[in-house]
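Visitor: The structure that follows is given in the form of structure tokens.
The values are calculated or read from the model by the stated rules, or taken from the named source; none is laboratory data. Since the model is a prediction, treat every value here as computed from it, not as a measurement. Cβ atoms come from the backbone with ideal geometry, glycine included; neighbour counts cover every protein chain shown.
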């Protein structure tokens, strides 16, 4: 099949395709796979029961159910939901927003597809203005969303800094960012995917100042963050919802526990929100109704913005603590040097193996054969021609699943890594013995 140059970009293999294929395989095939790689949220029993009750309420009202399934919303999204959401953001988050600042999409991936296409690329004057990712590693799903030109997306690698025994944290390369003269927007996930890094509010303010100086928006991808789902383990100050009138905040119902409804929320300046609405009309006609209609009662009584504190944060905090203990214990027992990024949010651990001699992309295949699925670090370098060597020593694992399966997956991972590292040590010793 002959594709256009633009079509070839989407038809080729990609990190996000591999991730979602692996997720589908783990859920559907029934193999003995420890699924530590995907972004599927956990089933939180109390929250799942609450969703079921909401669903029963919606289905039991024939008129509401018919409107949900039988009518298009506007291209901006379901109007009543947006009205209540704007009121909730004003009351609980202090955002100066109205319905004109909000747009619904068919999920966060669609939100970023539209934003990157609207803002990045070659402009009317002929100059290239890239979307800049100021702290790599960052979300692998950004990689295929540039406008089609190779330099429409620019990533800036962060510095890994050891903070304690077995722990590290990324530091933004502010000098490199300052040296980028032309940009269309800054975009950062917070909490970070894959690192789990929760940026300090001062760092977000500094990124915003830089964006203001370039007269471009700062886009904050809060798919795991505040105000919902609110999976943030940091200080109260850094866990607060963050938005400015000239910036963009992207939210999602997926990590709330509803990935199947495919619903994203964009909070943006009115002009950009109007452009996103027009983009919706061309791309999908209108976003779906199910998510907004299902959750409307929780907006009316204010419960939606309390879901994280009430259900999600305690659940994921417990699993996070268990996961950290498992990783530390299992790798230490085998003498494997493993450093974990400080986990400030989301439900991933980002593991760095400084002595790993094989690329993480190859290790991923060996781990898959051993019955454990992870995501290799090289995928998290969107906007770079080739990933930094540091990322080729990293793996992302999810602790959203059952702790027993997580523990089994880490045991399998440790066995594979121990064999690789012992071979690497043996090869090095042999070379030294031969005087090489």
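Visitor: Answer yes if at least one residue in the stretch 258-270 is at pLDDT 95 or above, crowded, with 22+ Cβ neighbours inside 10 Å, in contact with a strand residue (DSSP E or B) (Cβ under 9 Å, 6 or more places away or on another chain) and part of a loop (DSSP other than H, G, I, E, B), and no otherwise.
Guide: Within the stretch 258-270 (the criterion being at pLDDT 95 or above, crowded, with 22+ Cβ neighbours inside 10 Å, in contact with a strand residue (DSSP E or B) (Cβ under 9 Å, 6 or more places away or on another chain) and part of a loop (DSSP other than H, G, I, E, B)), the answer is yes, since at least one residue qualifies.
Visitor: On to the next question. If the requirement is being assigned by TED's automatic domain parsing to the domain that holds residue 248, within 19 Å of residue 250 (Cα to Cα) and more than 25 Å from the chain's Cα centre (by Cα), which of these qualifies: 100, 86?
Guide: 100
Visitor: Take residue 400 and tell me if it is modelled with pLDDT of 90 or more, part of a helix (DSSP H, G or I) and within 26 Å of residue 160 (Cα to Cα).
Guide: Working: modelled with pLDDT of 90 or more: yes; part of a helix (DSSP H, G or I): no; within 26 Å of residue 160 (Cα to Cα): yes.
For residue 400, the condition - modelled with pLDDT of 90 or more, part of a helix (DSSP H, G or I) and within 26 Å of residue 160 (Cα to Cα) - is not met.
Visitor: Does residue 158 fit the bill of being touching a helix residue (DSSP H, G or I) at 6+ places or on another chain (Cβ under 9 Å) and buried (at least 21 other Cβ atoms within 10 Å of the Cβ)?
Guide: no
Visitor: Identify the single condition in (1) surrounded by fewer than 21 Cβ atoms within 10 Å (Cβ to Cβ); (2) over 16 Å from the mean Cα position of the chain (by Cα) that residue 308 does not satisfy, given that it satisfies every other one.
Guide: Residue 308 satisfies every listed condition except (1).
Visitor: Also, I was wondering about something else. Just the residues that are closer than 20 Å to residue 111 by Cα and not in a helix (DSSP H, G or I), please, taken from the stretch 189-218.
Guide: Of everything in the stretch 189-218, those that are closer than 20 Å to residue 111 by Cα and not in a helix (DSSP H, G or I) turn out to be 189, 190, 191, 192, 193, 194, 216, 217, 218.
Visitor: Identify all residues within the stretch 153-188 that are in a helix (DSSP H, G or I) and touching a residue at least 24 places away in the same chain (Cβ under 8 Å); write none if there are none.
Guide: Selection gives 174, 177, 178.
Residue-by-condition table, conditions (1) in contact (Cβ under 8 Å) with a residue 40 or more places away in the chain; (2) under 18 Å from residue 343 (Cα atoms):
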| position | (1), (2) |
| --- | --- |
| 361 | no, no |
| 365 | no, no |
| 369 | no, no |
| 380 | yes, yes |
| 396 | yes, yes |
| 406 | yes, yes |
| 415 | yes, no |
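Visitor: Count, please, the residues in the stretch 53-72 that happen to be out of contact with any helix residue (DSSP H, G or I) (no Cβ under 7 Å at 6 or more places or on another chain) and closer than 19 Å to residue 262 by Cβ.
Guide: 5
Visitor: What is the one condition in (1) more than 20 Å from residue 134 (Cβ to Cβ); (2) in contact with a strand residue (DSSP E or B) (Cβ under 6 Å, 6 or more places away or on another chain); (3) assigned to a loop (DSSP other than H, G, I, E, B) that residue 235 does not satisfy?
Guide: (2)
Visitor: Now for a different question. Could you tell me how many of the residues in the stretch 102-112 are part of a helix (DSSP H, G or I) and either surrounded by 23 or more Cβ atoms within 10 Å (Cβ to Cβ) or out of contact with any helix residue (DSSP H, G or I) (no Cβ under 7 Å at 6 or more places or on another chain) (or both)?
Guide: 4
Visitor: Okay, moving on. For the stretch 327-350, give me the residue count where each residue is assigned to a loop (DSSP other than H, G, I, E, B) and within 27 Å of the chain's Cα centre (by Cα).
Guide: 7
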